[in-house]
Structure formats: C-alpha cells, structure tokens
1. Starting from 0 in steps of 10 Å, tell me what percent of the Cα-Cα pairs of the range 31-94 lands in each bin.
2. Identify which of 56, 124, 259 has the largest mean-square fluctuation in a Gaussian network model of the chain, with springs joining Cα atoms closer than 10 Å.
3. Can you give the three extents of the C-alpha atoms in the chain along their principal axes, from longest to shortest, in whole Å?
4. Could you tell me how far the Cα centroid of the range 196-220 sits from the Cα centroid of the range 73-104, in Å?
5. Can you give me the relative contact order of the range 87-169 as a percent, contacts being Cα pairs under 8 Å and 6 or more apart?
6. With a cut-off of 8 Å between alpha carbons and a minimum separation of six or more residues, what is the relative contact order of the range 163-234 in percent?
7. Given only helices, namely DSSP H runs of n ≥ 4 each adding -39500 (n - 2.57), what is the per-residue ellipticity at 222 nm of the chain, to the nearest 500 deg cm²/dmol?
8. Against the longest alpha carbon principal axis of the chain, how many degrees, from 0 to 90 and to the nearest 10, is the axis of helix 2-27 turned?
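Values quoted throughout were computed directly from the atomic coordinates according to the rules given, and no laboratory measurement underlies them. Everything quoted here is computed from the prediction, not taken from an experiment. FYI the Cβ positions are ideal-geometry reconstructions off the backbone, even for glycines, and counts take in every protein chain you see.
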C-alpha cells in the first residue's frame, strides 16, 4: 500500500515537473513591451521575440507627441525587440497662443487672429466705406500696434475711425428704407456672417428706386439672412454719383438711371416686377459660391 502511494506521489511530481517545463518552453520566446509616458504605463503588450510591434499614438493638450524613444533613439511607427523592453514617450510643448478678436465698428468683418505669443503682431487694416482707419484700440482705449505687448492674453480690439472728407456715403437696408419713406415689413434684419454684399445706387425721390427698395423690403423674411445691402443715394450726393460712374465704367455696364443694383457680377438696371425672380436667383446663386471666390466690385476696385 505504501509502495503504491509513493508511486502515485512520484507520478504527480513527474507530471507537475513536465507541465512546468512545457510552460517554460512555451513562454521562453514571450517578451513584454511597456510604453511609458510621464512615468505611467499607458500600454503593455506581450509578443514573441522578433515580432513586429505597432507603436501607439498619443495626444495631449498643448503638446505635440514626438514619438517613442528607446535607448535615446526615436523609433519608427513599428519596431522589433528580442527582450523585455521599456520605451518612453517624448513630448514637445506647443508655443502658447492668444486669440485677437476684431470689432470693426461697422467696417468689413475680419476673422479672429490666433497667433503664437512668441510671434510679433501683424494686425490687419480694416475697411469702412466713408471712413479713414486711425488705429486699433483695446478695451481700455489704449492704441495697439504691431509692436505692442498683449501679455499673451486673449484680446478684443476695436477699430477707431475718422470720417473721410469728400468720400462716398452708404446706408444699410433699414436706413435706406427710412430715407425713402418706407416702413419695414420685417421685425429683424440679421444677415449671416457669410452674407453676400448687394450694392444699390438710388435716387431719394425716384419712384423706381422706391419700388426696388420696397421689393427688397418684402423679401427680408425669406432672403434677409443671405445679403447685406449698401445703398448709395446719388441725386443729392455728388461723391456717390461719381462712384456710380466709376463702378458702371469698371463693369462695362453703363448707368442710364437708377436704381442701379449690383449682385456679384449681375447688374440690375432700372426696376419693374418682372425682375423679381432674377434678383432672387442672383442672391441665391452668389450666396452658394464659396466666400473666397465671390466677385465683389468695390473690393475689386479697392474702394
């Protein structure tokens, strides 16, 4: 009986030893790769010796991931190892940035500027019809130039203007309606930031000008988000009248009277209700053109 028990114990020991040996053989070629970032294990993989290992990508706010390093050398997108290995992530800090927002005070809109705090400023020069740009000012009314130090803080700059002498003078849609004695047919007129520009030359007492403006008045609820209007009265403003002559010459489309409206490259001379569909189509067509590809006659003439 004792001999049989001893035999069983020996057999169990033999089997256990065999299993352990097999396990060691199976694990002999296994290695562990640890990916460390800022002292923490972000990923661990077990592979066969010599197997290709795809290196993970990392992201971190305000930093650029510069890759994985082993023994001081940067690894490619994949690597091979023959032993347990630790690889370390390397980061490069992005330069601090600030956002400058521009309030053009009725001038042509300018997109915010995101600049590195280490860069010198390159402030844009805004445009506003009938005005001369004087300077940018911060909220404390300090004049800001390209050499100013903004202390790497997000900043709002407002344009300071001076009324130009002998310049052109335009009105927006609502003020133009009031100028010709028309009541608004809409509650709010809020063109989108990417709205197109429509230029209208009109006579204050002109019946056809009044009819055209009343039509524009009537389509604000449907189309008002898509256009901004600049209207130039030409019967009582000689500078505006001179501008009409220059614009019509530039467009090679003689102005024989008013209203004279410009929507991109489309010119509307005179007005009657038969033009309504063409005007709506011109607004829609121009709005659907990429904002950088739209034709604007006054920009083309640098006015």
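1. 21, 57, 19, 3
2. Its mean-square fluctuation being the largest, the pick is 56.
3. Computed over the Cα atoms, the extents are 128, 49, 36 Å.
4. So the separation of the two Cα centres works out to 58 Å.
5. Details: 141 pairs, mean separation 27.7, N = 83.
Relative contact order comes out at 33 percent.
6. Working: 90 pairs, mean separation 36.0, N = 72.
Result for the range 163-234 is 50 percent.
7. -8000 deg cm²/dmol
8. Helix 2-27 sits at roughly 30 degrees to that axis.
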